[in-house]
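Report on the following structure.
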Amino acid sequence: MTAATQSLGRTASRGAATTMGAQGLRILVQVVGIVLLARLLAPGDYGVMAMVLAIVGVGEIVRDFGLSSAAIQARTLSHGQRSNLFWINLGIGAVLTCLCAALAVPVSALYGDPRLVAVTLALAPTFLLNGFSTQFRAHLNRDFRFVALSAVEIGAQATALGVALSLAVWGWGYWALVVQQVLQVLLQAVALPILAGWWPGLARRGEPMRGLLTFGGHLVASQVLVYASRNIDSVMIGRLYGAVPLGFYNRAFQLMVLPLNQINAPASRVALPTLSRLQDDPARYARFLAVGQVVLLNVVAGVLAFSAAQAPALIAVALGPQWEPSVHLFQILAVAGFFQAAAYATYWASLSLGLMRRFFWYTVATRPLIIGLIVVGASWGVEGVAVAYTVGNALAWPIGLLWMTRGTIAPTGPLFVAALRTLLVHGAAAGLSAAATWALPGLSEPLHLLLGAVVLVAALALAAAIVPAFRRDVLGILALRRHLGRARAATPVETESA
């Protein structure tokens, strides 16, 4: 193993340790926000915000144009290329800000809700601000400067939440959520350039940009289709059933994606630059990808299994009894969450190996299927939408795994078997956890949660004792945890500069 490869391994380990610690703080801030805002705002307030974001949120994908991932994935990146990418992202952001403002009235007309005009106009500047920030964030990510990046994101998130809570207490309703969204983006736009220590020059015509733009173009086309398949549910519910049912669905959906986003974001932040640099070492690439999937899936599955099994007590304690209609929706969507998490390893392989053209055709083949299922499912109400969304994601995962890893250095068989094993083990543990509390209905909600957690952990421990493959997964996760602990305490090493 070369010194450069060893240095990369140490840097990746330190990056994983840093991002895991930072993510704990980020999760804490987000959970506090979910719990407190849910008790201060009505379901309809969340529905209003969800209506707008489901439509204009696609612009955030177009605004990035896949260029942040292109910058991170590139083996080398000159100052001129970075500057060009900055101006492209800023220009797209400016155009989208104008377009979003122009769509304010049509969005309001689509849902038949006049409140959405002002909300859409208020959210429009976020495209310009995010366009400005994109390459500063990519610069920090590419150079493995995870501490600085996490500090900006957590600080902005916590500050925006504090302001939103104050506004909610003062009775601002859905405007508290709007201000939270805009303020978080604004604070990051101010702080990221300062910490990045880099400033773009003027755009240069002679820089080689075709590869970066081709990569980004295929990625953004794929992401738009993925976004449509993940947000058509909100559009259908808002259009057919109104803001209040959408508010219940939105909270259930956000509870499902909370562990996915908060675990996948730091994992991807470390995995993508590391895998991109391991392309010439197939054995280590395959091993890193497989271990990354095992860790991510078991953590996500553990959280979703407990949350789904104890959803009645969990939602009552966390959000309050007024959110009871979200319980069954969340239990259905938790299954979809697992399959989305299982697809992350495939996505990492696609980006790190530069398979964006193949990924685009995979999304063209599968995402319309999910969209069609949701449109049909909407005829059976909000629960019909949740079931259709779950079925669509369950079908898309194995198709994507076979499609994207065939003929590459990514290990198709091990990824599939490990994910299926995780699903079966954690699914069985969730069933036992739910059965234990169902058999004792007289317990208080906190005791239900405690009993459910104990039974879930005991069931997983029993599975580790009797299923050798799952035991190896657990031992591998524990070994990685010890390794990351040593990495956190180790002397800083030099990172590879672009």
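Taking into account only those residues within the range 141-180 that are part of a helix (DSSP H, G or I) and of a type in the set (D, E, K, R), which is modelled with the lowest pLDDT?
We begin by selecting, within the range 141-180, every residue part of a helix (DSSP H, G or I); these are 141-142, 146-169, 174-180.
In the following step, the residues that additionally are of a type in the set (D, E, K, R) were identified as 142, 153.
Numbers: Arg142: 67, Glu153: 85.
Ranking the qualifying residues of the range 141-180, first place goes to Arg142.
Of these, Asn231, Asn261, which one is out of contact with any helix residue (DSSP H, G or I) (no Cβ under 8 Å at 6 or more places or on another chain) and at pLDDT 75 or above?
Numbers: Asn231 fails: out of contact with any helix residue (DSSP H, G or I) (no Cβ under 8 Å at 6 or more places or on another chain).
Within the list Asn231, Asn261, the selection yields Asn261.
For Ala453, state whether it is in a helix (DSSP H, G or I) and either surrounded by fewer than 16 Cβ atoms within 10 Å (Cβ to Cβ) or of a type in the set (D, E, K, R) (or both).
Working: in a helix (DSSP H, G or I): yes; either surrounded by fewer than 16 Cβ atoms within 10 Å (Cβ to Cβ) or of a type in the set (D, E, K, R) (or both): yes.
Here the answer is yes, as Ala453 does meet what is asked.
Looking only at residues that are open to solvent by less than 30 Å² (accessible area, probe 1.4 Å) and farther than 16 Å from Leu246 by Cβ in the range 320-331, which one is modelled with the highest pLDDT? Before you say what the answer is, go through the steps one by one.
Start the filter on the range 320-331 by keeping residues that are open to solvent by less than 30 Å² (accessible area, probe 1.4 Å), which leaves 320, 323, 326-327, 329-330.
Next cut, farther than 16 Å from Leu246 by Cβ only: 320, 327.
Numbers: Gly320: 84, Val327: 93.
It comes out as Val327.
Please indicate, with yes or no, whether at least one residue in the range 380-389 is closer than 17 Å to Val226 by Cβ and in contact with a helix residue (DSSP H, G or I) (Cβ under 6 Å, 6 or more places away or on another chain). Reasoning before the result, please.
Initially, the range 380-389 is screened for residues closer than 17 Å to Val226 by Cβ, giving 388-389.
Right, trim to in contact with a helix residue (DSSP H, G or I) (Cβ under 6 Å, 6 or more places away or on another chain) and you get 388-389.
Yes, the conditions are met somewhere in the range 380-389.
Look through the range 397-408, keep the residues that are without any contact (Cβ under 8 Å) to a residue 24 or more places away in the chain and over 10 Å from Phe339 (Cα atoms), and return whichever of them is least open to solvent (accessible area, probe 1.4 Å).
In this case the residue turns out to be Gly407.
Take the residues in the range 94-140 that are within 30 Å of Arg277 (Cβ to Cβ) and touching a Ser or Thr at 6+ places or on another chain (Cβ under 8 Å), then tell me which one is most open to solvent (accessible area, probe 1.4 Å).
Our first condition is that a residue be within 30 Å of Arg277 (Cβ to Cβ); within the range 94-140, this holds for 130-140.
Retained after the next criterion (residues that are touching a Ser or Thr at 6+ places or on another chain (Cβ under 8 Å)): 134-135, 137-138.
Working: Thr134: 5, Gln135: 6, Arg137: 57, Ala138: 6 Å².
That would be Arg137.
The rows are residues; the columns are (1) open to solvent by less than 60 Å² (accessible area, probe 1.4 Å); (2) more than 26 Å from Tyr285 (Cβ to Cβ).
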site: Phe339; (1), (2): yes, no
site: Ala342; (1), (2): yes, no
site: Ala345; (1), (2): yes, no
site: Leu353; (1), (2): yes, no
site: Arg357; (1), (2): no, no
site: Val375; (1), (2): no, yes
site: Leu395; (1), (2): no, yes
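Each row is one residue, and each column tells you yes or no for (1) under 18 Å from Leu53 (Cβ atoms); (2) open to solvent by less than 10 Å² (accessible area, probe 1.4 Å).
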{"position": "Val244", "(1), (2)": "yes, no"}
{"position": "Met256", "(1), (2)": "yes, yes"}
{"position": "Asp280", "(1), (2)": "no, no"}
{"position": "Gln310", "(1), (2)": "no, yes"}
{"position": "Ala313", "(1), (2)": "no, yes"}
{"position": "Leu333", "(1), (2)": "yes, yes"}
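Restricting attention to the range 158-170, which residues are open to solvent by 20 Å² or more (accessible area, probe 1.4 Å) and in contact with a Leu (Cβ under 9 Å, 6 or more places away or on another chain)?
Keep residues of the range 158-170 that are open to solvent by 20 Å² or more (accessible area, probe 1.4 Å), which gives 158-159, 162-163, 165-166, 169-170.
Scanning the range 158-170 gives Ala158, Thr159, Val163, Leu165, Val169.
Exactly one of (1) farther than 28 Å from Arg137 by Cβ; (2) at pLDDT below 90 is unmet by Arg284. Its number?
(1)
The values are calculated or read from the model by the stated rules, or taken from the named source; none is laboratory data. Computed from a predicted structure; not experimentally measured. All Cβ positions, glycine included, derive from the backbone under ideal geometry; neighbour counts span all protein chains shown. Note: accessible area is taken over every heavy atom of the protein model, side chains too, but ligands, DNA and RNA are not part of it. Shrake-Rupley method; radii C 1.70, N 1.55, O 1.52, S 1.80 Å.
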